[in-house]
Amino acid sequence: MVRLRSSKSTTRCVCAAGAVSLATLSCSGTPNASSTVTILEPAYAEFVGGGSNGSGVHTFLENQCGTLDCHGQVGRPLRLYSVDGLREPNEAGLISGAGALTPSELYANFLSVVGLTPEELNRVVEGLDPPTQLLLLQKPLGLVSHKGGVRILQSNLDPMYMCLTTWLEAPSGEAAFNAAACTQAAELP
């Protein structure tokens, strides 16, 4: 006895085979090993701060945004380690409220910030777009919905705004980094 497939199941098999073929063809290009992608970023030294630089950008971000109920959560697109919030697993047994951030935590925070919208960050660092094009500023400015509400005012009088914008614009030469604004921003309640 010979069983014939119904036309419905045959159609499904042909469609599935076609989809697999298209997916294979779309990914069959050879990568160009000689091409490079340049990712620009604001200065890490200004992000970290310290010494004669005063507070860095990270101090303000950790104090204002790095709590466990905000960006101090694993799985957030912008995830921040902080002294009183999320800590990276380590051998020293650092827990919230104990010990300074480790170099690894500082660098992870930097990567989280610059990796949030890297293509747009390139344009801002090059001076092609204003910092307000970044999600990093759009949310706390209230330009885009933000669970934490409006946290920053778009004003040269707001130290949080000045800290972030001068850090982001400094590589393009549009502004000098304002470490004093970061220090003030870190001390705000």
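The values are calculated or read from the model by the stated rules, or taken from the named source; none is laboratory data. Treat the numbers as computed from the prediction; the structure is a model and nothing was measured. Here the Cβ positions follow ideal geometry from the backbone for every residue, glycine too, while neighbour counts run over all protein chains shown.
Among the residues of segment 170-179, none qualifies, meaning not one is touching a residue at least 40 places away in the same chain (Cβ under 8 Å), in a loop (DSSP other than H, G, I, E, B), aliphatic (A, V, I, L, M) and over 20 Å from ILE39 (Cβ atoms).
Kindly evaluate VAL48 against the criterion of being at pLDDT below 90 and of a type in the set (Val, Ile, Thr). Considered against the rule, which asks whether it is at pLDDT below 90 and of a type in the set (Val, Ile, Thr), VAL48 comes out as no.
Every condition in (1) crowded, with 17+ Cβ neighbours inside 10 Å; (2) at pLDDT below 90; (3) farther than 18 Å from LEU80 by Cβ holds for THR166 except the one numbered (2).
Looking only at residues that are among the acidic types (Asp, Glu) and part of a loop (DSSP other than H, G, I, E, B) in segment 115-133, which one is modelled with the lowest pLDDT? Of everything passing the filter in segment 115-133, GLU126 is modelled with the lowest pLDDT. If we scan segment 129-141, do we find a residue that is surrounded by 20 or more Cβ atoms within 10 Å (Cβ to Cβ), among the aliphatic types (A, V, I, L, M) and in contact with a helix residue (DSSP H, G or I) (Cβ under 6 Å, 6 or more places away or on another chain)? Yes: one or more hits.
For residues that are in contact (Cβ under 8 Å) with a residue 12 or more places away in the chain and either loosely packed, with under 13 Cβ neighbours inside 10 Å or more than 11 Å from LEU101 (Cβ to Cβ) (or both), tally how many sit in segment 72-87. Steps first, please.
Going residue by residue through segment 72-87, those that are in contact (Cβ under 8 Å) with a residue 12 or more places away in the chain are 72-74, 77-87.
This time we only want the ones that are either loosely packed, with under 13 Cβ neighbours inside 10 Å or more than 11 Å from LEU101 (Cβ to Cβ) (or both), so: 72-74, 77-79.
Qualifying residue count for the region: 6.
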